[in-house]
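Everything below concerns the one structure shown next.
Read-outs: derived from the displayed coordinates by stated rules, not from any lab. Not measured: the values here are computed from a predicted model. Glycine also receives a Cβ, built like all others from the backbone with ideal geometry; neighbour counts cover every protein chain displayed.
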Amino acid sequence: MAAIKVAKTGNEAMAEAMRQINPDVVAAYPITPATEVVQIFSQFVADGAVDTEFIAVESEHSAMSATMGAAAAGSRAMTVTSSQGLALMYEMLYIAAALRLPIVLPEVNRALSAPINIHCDHSDTMGARDAGWIQIFSENSQEAYDNILQAMKISEHPDILLPSMVTTDGFIISHCMETMFFLDDATVKNYVGPYKPHASLLNLAEPHSLGALDLQDYYFEHRMQLAEAMRRAKDRIVEVGLDFGRRFGRSYGLFETYRMEDAEVAMILLGSTAGTTKMVVDVLRREGRKVGLIKLRVFRPFPFAELAREFGRVKAVAVMDRSDGLTSFGGPLFDHVRSTLYDLERRPKTVNYIYGLGGRDITLEDLRSIFVRLQDIAAGGPIDPLITYQGVRA
């Protein structure tokens, strides 16, 4: 196995992972900031670098529909999107999961309109959180590349057969260049392996129904099967992440802990902000402050039991949401973490920060002030306000 050191953007990294996977079908429609992924991949198709059948469709709804049709016919199928494009796919996302089609979707996180905004937050992915898709977040381009390769091994496993979306933060990762390592083509081909579809509508020797009417007699049971597959996915994600580490030196789990061994207060978040937060944690550690970070990698399935074990040792937690649930009670991650902590005997005090909507920067000083406030809360200080919109102008 040869590791190839390169300087690439997140979009280039995602497109390269797709090239090396060499899917049978890619159906896509361009949308900022994910357009480049499809543009680069379509050039691979034009140059004969892949055997993929590329379908240029008239909308993202059609992109997912065509991808589902290809997957149902027994093809390894992928598509790419972002923001309003993912929202236009929502109807089909639920169907893809229910039909147990192991589609892998690179998704570039971007705010949802209105007003129109093309920059990063996590509103698009969070809007699809209950569609039955595995959701894997990436801190940087390396993780985006690695996560797409792993997603194939996770989704296509016969005990799982669920679609996956692998996300990067729009422009912050998608368009920024960084040093990373690619695997060579032969290694990826061997790692991903040939696709063996569970079933195919084109297999006339073994006909089966797909998307049939499913009323009171069986619908509940079929939805339960979907829920059970998502529960099984958690162990499969861990298994694949550890195997990836043994093979290539970069191990992955459901989340990453950073300086949590003796932390008294902690922050939990998703995506690229983790890199900035690690710098702040290091500075505060040098000042003698016992702070730590959990970077959540997998939002679906949600690792509630594993997170509870980590948070049971700390006194205060800041949950960082780069989207707003518009429930009047904080963001989606906050809701999940509060539920996770409910049964702990030593339940840490928990506050929520909504930040970075529409690409608004969060600074080193912002993050530092949140950690300092957490230490005050841990010492008995007030938790009011429970929910803070960090960085909003007065």
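Structure notes:
- Taking the longest Cα principal axis of the chain as reference, the axis of helix 10-21 is set at about 40 degrees.
- Ranked by how many other Cβ atoms sit within 10 Å of their own Cβ, fewest first, the residues V265, V57 fall in the order V57, V265.
- Counting lysine pairs in the chain whose alpha carbons fall under 15 angstrom apart, excluding pairs fewer than 8 residues apart on the same chain, gives 7.
- Counting neighbouring beta carbons within 10 Å and listing from fewest to most, the residues M224, M320 come out as M224, M320.
- Backbone N within the stretch 364-394 under 18 Å of label point (7 Å from D262 Cα along the Cβ vector): 375
- Computed from backbone phi with θ = phi - 60° and the Karplus coefficients 6.51, -1.76 and 1.60, the 3J(HN,Hα) list for the stretch 378-391 is 4, 8, x, x, x, 9, 8, x, 5, 10, 10, 8, 6, x Hz; x is used for glycine and proline.
- Taking amide H as placed 1.01 Å from N in the peptide plane, the amide H of R76 sits under 5 Å from that of D24, V25, each at least 5 places away or on another chain.
- An ellipsoid equivalent to the stretch 264-319, defined through the eigenvalues of its Cα gyration tensor, has semi-axes of 21, 15, 6 Å when rounded to whole angstrom and sorted largest first.
- Taking amide hydrogens as placed 1.01 Å from N in the peptide plane, the amide H of T9 sits under 5 Å from those of E178, each at least 5 positions away in sequence or on another chain.
- Net charge contributed by nearby residues that have their C-beta within less than 11 Å of G85 (K/R +1, D/E -1): -2
- Dimensionless Rg ratio for the stretch 255-389, taking C-alpha atoms and the 2.2 N^0.38 Å reference: 0.95
- About its Cα centre, the dipole of the chain is roughly 1180 debye, where the only charges are +1 on Lys and Arg Cβ and -1 on Asp and Glu Cβ.
- In the elastic network of the chain, a GNM with C-alpha springs shorter than 10 Å, the most mobile of K295, K234, K196 is K196.
- Summing +1 for each Lys or Arg and -1 for each Asp or Glu among the other residues whose beta-carbon sits under 11 angstrom from that of F44 gives -2.
- All-pairs Cα distance distribution in the stretch 1-85, expressed in whole percent, bin size 5 Å: 3, 16, 25, 25, 18, 8, 4, 1, 0
- Using θ = phi - 60° in the Karplus curve 6.51 cos²θ - 1.76 cosθ + 1.60, the 3J(HN,Hα) couplings for the stretch 44-53 round to 4, 4, 4, 7, x, 6, 9, 9, 5, 8 Hz; x is entered for Gly and Pro.
- When the charge dipole of the chain is built from unit charges on Cβ atoms (+1 for Lys and Arg, -1 for Asp and Glu) and taken about the Cα centre, the candidate among S369, N190, T67 whose Cα reaches farthest toward its positive end is S369.
- Shown for V317, V298, V37, V192: other C-beta atoms within 10 Å of each C-beta, ranked fewest to most, produce the order V192, V298, V317, V37.
- Computed 3J(HN,Hα) for the stretch 77-89, one whole-Hz value per residue from the Karplus formula 6.51 cos²θ - 1.76 cosθ + 1.60 where θ = phi - 60°, is 10, 9, 8, 9, 6, 6, 6, 4, x, 5, 4, 5, 7, glycine and proline marked x.
- Using a Gaussian network model of the chain in which every pair of alpha carbons under 10 angstrom is joined by a spring, one finds that among E365, E36, E143 the greatest mean-square fluctuation is at E365.
- Top of D24, D146, D121 by mean-square fluctuation, Gaussian network on the chain, Cα under 10 Å: D24
- Positive minus negative residues near G10 (Lys, Arg vs Asp, Glu; Cβ under 10 Å): -4
- Highest-first arrangement of 166-174, 106-114, 253-261, 376-384, where packing means the average Cβ count within 10 Å: 166-174, 106-114, 253-261, 376-384
- Degrees separating the helix 219-248 axis from the principal Cα axis of the chain, which is the longest one: 80
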